[in-house]
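Peer 1: One structure coming up, written as structure tokens, with questions to follow.
The values are calculated or read from the model by the stated rules, or taken from the named source; none is laboratory data. As the structure is a prediction and not an experimental result, all values here were calculated from the model. Note: ideal-geometry Cβ built from the backbone for every residue, glycine included; neighbour counts use all protein chains shown. Ligands, DNA and RNA are stripped out before the accessible areas are found, and what is left, the full protein with its side chains, is counted by its heavy atoms. Shrake-Rupley method; radii C 1.70, N 1.55, O 1.52, S 1.80 Å.
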Amino acid sequence: MVNQAVIAYGAGDLRVESHETRELAPDAVRVDVVYGGICGSDLHYANHGANGDYRIQEPLVLGHEIVGYVGAVGEAVGPEVSVGSPVAVHPATPSPGPDAARVTGLHLTPGGAYLGSAATVPHTQGGFQGSLVVRPDQLRVIPEGLPLRRAVLAEPLAIALHGVDRVRDRIAGARVLVSGAGPIGALVIASLRERGATHITAADIQEFPLGVAAKVGADATVNLSHSRVGDGEFDLVFECSGVAPSFAAALDSVRPGGAIVQVGILPARDVPTAVWKLQSREIALFGSQRFDNELGEALDVLARRPELDAVVTAEYPIADALEAFAEAADSSRSSKVILRLADARV
């Protein structure tokens, strides 16, 4: 089956062109993709030809935030998967199945693969294509009544939930700073609301993302272009921008005995900072990497939180993917930008 796909060939070389979906194996499922969300890693591949240490070595179909409908089922797949079901796709291999009740740690398995990633050779082709063949255990059925346009936020919301739960025992009653109010920061705010934070402040250098943050649950916003947050003011700081100076500032923003969760992806190089403050003020530092089995909960949260529609700020047909990527790269006018690969069924 040949479909249109968004393919990165190298730095600054992004194309929309024909791509052949791999053949459906007996133990696999074909998903007909409706929406795909543009992530920061997609932008890195498109603009720089690499995401961290992973450099494009062959044409790479981008995209890992994917929702659509089951289009075909291999003959060896059980009856739990039905043609026509609306689904979100867990992008990782290995990944926990849809019935995983506990944290599995599979997201930390060395040598794993992720849709739309150059971490493997051959590369793991992504979901910005009309049809995608995946394993049945990667599917999560979308709850009834949840629009696919909102459901496309499930993968980044799962990342946010995972990061927040790194310090779940500290959240009830906490005053929290979310530094960086882009799509992940906004969804961290929503996750903190789910977990019972008392007061959430969002900080960013742009007004547009701060407006989104207020819509999804921030109690206060600070534009760092002309204001600052107080030293030692917060019990918890979630660093969501992935910018080294923001991590350094988090060391001052958190109170003694507080905690920092690094959710934004920092540059893959040494970052000089005042690490001594961790010791002298007994600050706990937590890293957060992608997510494990939170995708199902993310869909449930989205089903009862219509205000999260505010995170999706633009939608483009796949034919206009280059324009979509340009808007997604501009945080002064966008939060989550999504691609429409087909029409959602009513």
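Peer 1: Any residue in the stretch 138-155 that is over 24 Å from ASP27 (Cα atoms) sitting within a Cβ distance under 6 Å of a residue that is part of a helix (DSSP H, G or I) and open to solvent by 10 Å² or more (accessible area, probe 1.4 Å)? List the pairs, counting only those 6 or more apart or interchain.
Peer 2: PRO143/ALA303; LEU146/ALA303; ARG150/ASP309
Peer 1: Which condition does ALA118 not pass, out of (1) more than 20 Å from the chain's Cα centre (by Cα); (2) open to solvent by less than 10 Å² (accessible area, probe 1.4 Å), if it passes all the others?
Peer 2: Result: ALA118 passes all but (1).
Peer 1: Does any residue of the stretch 252-265 turn out to be within 29 Å of ALA214 (Cβ to Cβ), part of a loop (DSSP other than H, G, I, E, B) and at pLDDT below 95?
Peer 2: yes
Peer 1: Which ranges mark the helices (runs of 4 or more DSSP H) fully within the stretch 139-232 that have 1 or more residues being open to solvent by 20 Å² or more (accessible area, probe 1.4 Å) and closer than 27 Å to ILE283 by Cβ? So that I can check it myself, show each step before the final result.
Peer 2: Working: elements: 148-151, 154-165, 183-195, 207-216.
Fully inside the stretch 139-232 and qualifying: 154-165, 183-195.
Peer 1: Mind checking which pairs have a first residue in the stretch 217-229 that is closer than 20 Å to ASP309 by Cα and a second that is surrounded by fewer than 19 Cβ atoms within 10 Å (Cβ to Cβ) and among the aliphatic types (A, V, I, L, M), Cβ under 7 Å, 6 or more apart or different chains?
Peer 2: Final answer for the pair search is THR221/ALA214.
Peer 1: Here's a follow-up. Mind checking which residues of the stretch 236-248 are in contact with a strand residue (DSSP E or B) (Cβ under 8 Å, 6 or more places away or on another chain) and surrounded by fewer than 21 Cβ atoms within 10 Å (Cβ to Cβ)?
Peer 2: Residues of the stretch 236-248 in contact with a strand residue (DSSP E or B) (Cβ under 8 Å, 6 or more places away or on another chain): 236-241, 246-247.
Within the stretch 236-248, PHE247 is the sole residue that qualifies.
Peer 1: So which of ILE265, ILE318, ILE338 is touching a residue at least 24 places away in the same chain (Cβ under 8 Å), open to solvent by 50 Å² or more (accessible area, probe 1.4 Å) and within 19 Å of PRO91 (Cβ to Cβ)? Reasoning before the result, please.
Peer 2: On the way: ILE318 fails: open to solvent by 50 Å² or more (accessible area, probe 1.4 Å); ILE338 fails: open to solvent by 50 Å² or more (accessible area, probe 1.4 Å).
One residue alone meets the criteria, ILE265.
Peer 1: Follow-up question, since we're still on this one. Could you identify the single residue in ALA11, ALA76 that is open to solvent by 10 Å² or more (accessible area, probe 1.4 Å) and more than 27 Å from TYR316 (Cβ to Cβ)? Can you show your working first?
Peer 2: Working: ALA11 fails: more than 27 Å from TYR316 (Cβ to Cβ).
Matching residue, one of ALA11, ALA76: ALA76.
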